[in-house]
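In what follows, a structure is listed as structure tokens, so that the remarks can point back to it.
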Amino acid sequence: MKTIIERIDAEQMNRETIEKAGRILRDGGLVAFPTETVYGLGADALNEQAAGKIYAAKGRPSDNPLIVHVADMESLTRITGTIPEKAGMIAREFWPGPLTMIFRKTRAVPFGTTGGLDTVAVRMPDHAIAREIIRAGGGFIAAPSANTSGRPSPTTAQHVEEDLAGKIDMVVDGGAVEIGVESTILDMTVEPPMILRPGAVTREMLESLVGKVSVDKTLIEPDSRKAPKAPGMKYRHYAPKADLTILEGDLSRVVEEINRLAAEKTAKGYKVGIIGTSETAGSYSIGNFKCIGTRQDETSVAGNLYGILRDFDSDGTDYIYSESFSTCGIGSAIMNRLQKAAGHRIIHVDK
């Protein structure tokens, strides 16, 4: 299969490109497109055979549910059952945006899209190109991240090409994404609502609107080191080819230990990568240091995370050592993705 790649500008939308993408989706094909979080791999969510092509192209486990992307609130009535009052409040505040909500599904949504579950995950992206493609494709587009399953998610069209060229019909190149980590997933079938995956819409933001919001205890919290249990979270994700280890604790001791480990591996002939911040940029004496952003603005860290992991792949790095980050706000999403990428390989330097 030859993958069509077309560049598009959100400010001056090329209707021919949008319509071409829409035709492919309506015909049961696969189209990768940008959202504000990461690039998504789209297929008609109501076509079970089309959804199956996503699993095949990504090498994705079939019990890992797909998120259905919509372009307007009216679409919800076709694919969801009762919409709780809190969900309406949250949608009015955070849609379009980087938030996915889980509802009871209707018969319109095949089990092949939901991974066999009787619930459906729904998101309305805050990206003009994405919403136009969703409308052109029929209004209900299943779109997980457009990468090989388990690899770092794509934040540019070039990342999509690296993983999926020749496996999908089209890539719509809308430039680099804005946020860089996947959407928050909020389960609205339980009370209080429960966060199953942290993202840019944080627990604090949700609780300021609707009151108590719980967090799946398998996710990153100060009192929990358990492996994830939520659907789609039990597999190792976002992983570079190198062995990644996270170091937690006092930052000065983290730097000291990373330097020691980097020297040890380098002496044995291995290529070492280091993930740090602008605050520690001058602190590493050996290894390939990459600055992921600043601790003063952790949105910069989120935006650079997957790109840096892919850069280390291109460099042929054998071992990566990363500083850890706060678990407040979007830091929860950053650490969730880092822990998954590392296979929960963590060194606590204070111990």
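If you model the stretch 31-129 as an ellipsoid using its alpha carbon gyration tensor, with each semi-axis the square root of five times an eigenvalue, the axes come out at 21, 17, 10 Å, biggest first.
Semi-axes, largest first, in whole Å: what does sqrt of 5 times each Cα gyration tensor eigenvalue give for the chain? Working shown, then result.
Values: eigenvalues 230, 114, 58 Å².
They are 34, 24, 17 Å, listed largest first.
In order along the stretch 127-136, phi translates into HN-Hα couplings of 8, 4, 5, 4, 5, 5, 5, 4, 4, 5 Hz, rounded to whole numbers, per the Karplus curve 6.51 cos²θ - 1.76 cosθ + 1.60 with θ = phi - 60° and x for Gly and Pro.
Considering only protein heavy atoms, what per residue accessible area in square angstrom results for the stretch 228-347 with a 1.4 angstrom probe? Please list the in-between numbers first.
Details: 4770 Å² over 120 residues.
So the stretch 228-347 comes to 40 Å² accessible per residue, rounded to a whole number.
For the chain, with all protein chains in place and a probe radius of 1.4 Å, 48% of the accessible heavy-atom surface sits on carbon or sulfur.
For the set Lys53/Lys340; Lys167/Lys265; Lys268/Lys290, the pairs lying more than 30 angstrom apart at their alpha carbons are Lys167/Lys265. Sequence-ordered 3J(HN,Hα) estimates for the stretch 305-318 from the Karplus curve with 6.51, -1.76 and 1.60 and θ = phi - 60° stand at 4, 5, x, 5, 4, 5, 4, 5, 4, 5, 7, x, 5, 8 Hz, glycine and proline given as x.
Computed from the alpha carbon atoms alone, the convex hull of the stretch 233-294 holds 110 Å³ per residue. In this structure the stretch 26-169 gives 34 Å² per residue of accessible area when probed at 1.4 Å with all protein chains present. List every residue whose amide H lies under 5 Å from the amide H of Ile5, counting only residues 5 or more places away in sequence or on a different chain, with H placed 1.01 Å from N in the peptide plane. Counting only residues 5 or more places away or on other chains, the set is Val171. Loop-located trypsin sites (Lys or Arg not before Pro) in the stretch 267-328 (DSSP state not H, G, I, E or B) with no more than 10 neighbouring Cβ atoms inside 10 Å: Lys268.
Starting from the Cα-Cα distance between Asn288 and Val215, subtract it from 0.36 nm times their residue separation and give me the gain in nm to one decimal.
Full extension of this stretch gives 22.7 nm more.
Residues whose amide H falls under 5 Å from that of Thr277, counting only those 5 or more places apart or on a different chain, are Ile292, with hydrogens built in the peptide plane.
The values are calculated or read from the model by the stated rules, or taken from the named source; none is laboratory data. In this text the structure is predicted, and so the values were computed from the model without any measurement. Virtual Cβ from ideal backbone geometry, glycine too; neighbours counted across all protein chains shown. Heavy atoms of the whole protein, side chains included, go into the accessibility calculation; ligands, DNA and RNA do not. Shrake-Rupley method; radii C 1.70, N 1.55, O 1.52, S 1.80 Å.
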